[in-house]
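**Student:** One structure coming up, written as C-alpha cells, with questions to follow.
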C-alpha cells in the first residue's frame, strides 16, 4: 500500500485511531488495521503510534507508511553513566518520552508497554543493576524509585539526571530553578549561523497556539549561547549552551533566527513568515544533550558528564558531509 495522508476533521476528533482508520480505509478489516499499527506503519503528527486506543485531536495529521518505521527504543537502549544512593545520570535515547502524561497514568500495563517512558523503565534497569550487586530489591523498592527533576523532548537524545531520594530531588530542583547547572547541546540547523547569544522572554502562546518569544518583556527570560562547530553545505553543526532552561528554548531561539533545527516538526522559522523548508532529510529532531555538569545535591562534589552523538546523528552528519556512513562502508567492504 502506498504512503497515505489524512487530517483529523470534526468527525474523527475524539475517536480512537482504530475507528478513524476504519473510516479512511473502508473495506479493511479490524484485523488489518491492527496489523498496520502493530507493524509500525502509522504515524500521528510525526510520532509513531502503536496504540489502537489512542484518541485523536483536531487537525492532527495521520500518515500511513509504505514500510515499517524503526522500532521505538526499549530498556536496553538506555545507559546509566552514574549511580549512587542519591541520584543517577542516564543517556536517554531519541524517540522515548521522559514522563508518562497524567492522562495516560491509569492505562493498564499492557498498553503502557507498547511505548514505555524513561521514568517507567529506569526503576527496572536500576533494580536489575542492584540485583547484580547482590542487593535484592524489587521495582517497588524505594532504592529503585527515580524522581524526575527535568525533561528532554521525546525526539531529543542525551544526558538526564534523576533523583533517588526526596532530599536529592529538592536540592537538584533548586539548582535547576537557579540555572546553576551547565548544559550543552549539539544540534544541526538549516543555513549558516554565526556565533551569538539569544535573549528573549518566552510565552505559552505566541499567537498561533505555540510557544515563542513575546514582543514585550512578558513571560520567562530565556538565554541561549550559540557557537558554530562545523560549516556544512547549507547547514551548520553548532553548540548551544543554556544560561536558562525553558521548554523548547533552543528550538524557538534558532527558529526565530531563521535557522530551525533540522527535523523539527513544530518550529519552522520566524512567526508570521513563510516556513523555512527543511530538505536535510534528518531522521529525527537533530538535537542532543551532550554535556551536563552540576553539584552533587548531598556531597557538594562537582560532577561532569559527556555523551557522544548517537549513531543516527553521526550518520546524518556523514550524509551532510557527503561521506558514506560506517554502515555503507561495511557493505561496500563485504561486496569486495
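**Student:** Is it true that some residue in segment 235-243 is in the same structural domain as residue 91 (by TED's automatic domain parsing), on the phi > 0 side of the Ramachandran plot and crowded, with 19+ Cβ neighbours inside 10 Å?
**Tutor:** No; the residues of segment 235-243 include none that is in the same structural domain as residue 91 (by TED's automatic domain parsing), on the phi > 0 side of the Ramachandran plot and crowded, with 19+ Cβ neighbours inside 10 Å.
**Student:** Looking at the structure I just gave you, is residue 100 assigned by TED's automatic domain parsing to the domain that holds residue 288 and out of contact with any strand residue (DSSP E or B) (no Cβ under 9 Å at 6 or more places or on another chain)? Please lay out each step first, then the result.
**Tutor:** Details: assigned by TED's automatic domain parsing to the domain that holds residue 288: yes; out of contact with any strand residue (DSSP E or B) (no Cβ under 9 Å at 6 or more places or on another chain): yes.
Yes: the conditions hold for residue 100.
**Student:** Can we say residue 282 is crowded, with 16+ Cβ neighbours inside 10 Å and closer than 30 Å to residue 167 by Cα?
**Tutor:** When the stated conditions are applied, residue 282 does not pass them.
**Student:** Could I ask something else about it? Which condition number does residue 202 fail, the rest of (1) touching a strand residue (DSSP E or B) at 6+ places or on another chain (Cβ under 6 Å); (2) within 22 Å of residue 157 (Cα to Cα); (3) not in a loop (DSSP other than H, G, I, E, B) being met?
**Tutor:** If we test residue 202 against (1) touching a strand residue (DSSP E or B) at 6+ places or on another chain (Cβ under 6 Å); (2) within 22 Å of residue 157 (Cα to Cα); (3) not in a loop (DSSP other than H, G, I, E, B), just (2) comes out false.
**Student:** A follow-up question, please. Inside segment 19-96, counting only strands (runs of 3 or more DSSP E) that do not spill past its ends, which hold 3 or more residues that are in contact (Cβ under 8 Å) with a residue 40 or more places away in the chain? Let's see the steps before the verdict.
**Tutor:** Values: elements: 42-44, 61-64, 79-83, 87-92.
Strands (runs of 3 or more DSSP E) meeting the threshold: 61-64, 79-83, 87-92.
**Student:** So, in segment 168-183, exactly how many residues are outside any helix (DSSP H, G or I) and touching a strand residue (DSSP E or B) at 6+ places or on another chain (Cβ under 9 Å)?
**Tutor:** Of the residues in segment 168-183, the ones outside any helix (DSSP H, G or I) are 178-183.
Next cut, touching a strand residue (DSSP E or B) at 6+ places or on another chain (Cβ under 9 Å) only: 179-183.
Going through segment 168-183 one residue at a time, the tally reaches 5.
**Student:** From 292, 309, which residue is in a loop (DSSP other than H, G, I, E, B) and within 17 Å of the chain's Cα centre (by Cα)? Explain how you work it out, then say what you get.
**Tutor:** Values: 292 fails: in a loop (DSSP other than H, G, I, E, B).
Result: 309 is the single residue among 292, 309 that is in a loop (DSSP other than H, G, I, E, B) and within 17 Å of the chain's Cα centre (by Cα).
The values are calculated or read from the model by the stated rules, or taken from the named source; none is laboratory data. Keep in mind that what you see is a predicted model, and the values were worked out from it rather than measured. Using ideal geometry, Cβ is built from the backbone for each residue, glycine included, and neighbour counts are taken over all protein chains shown.
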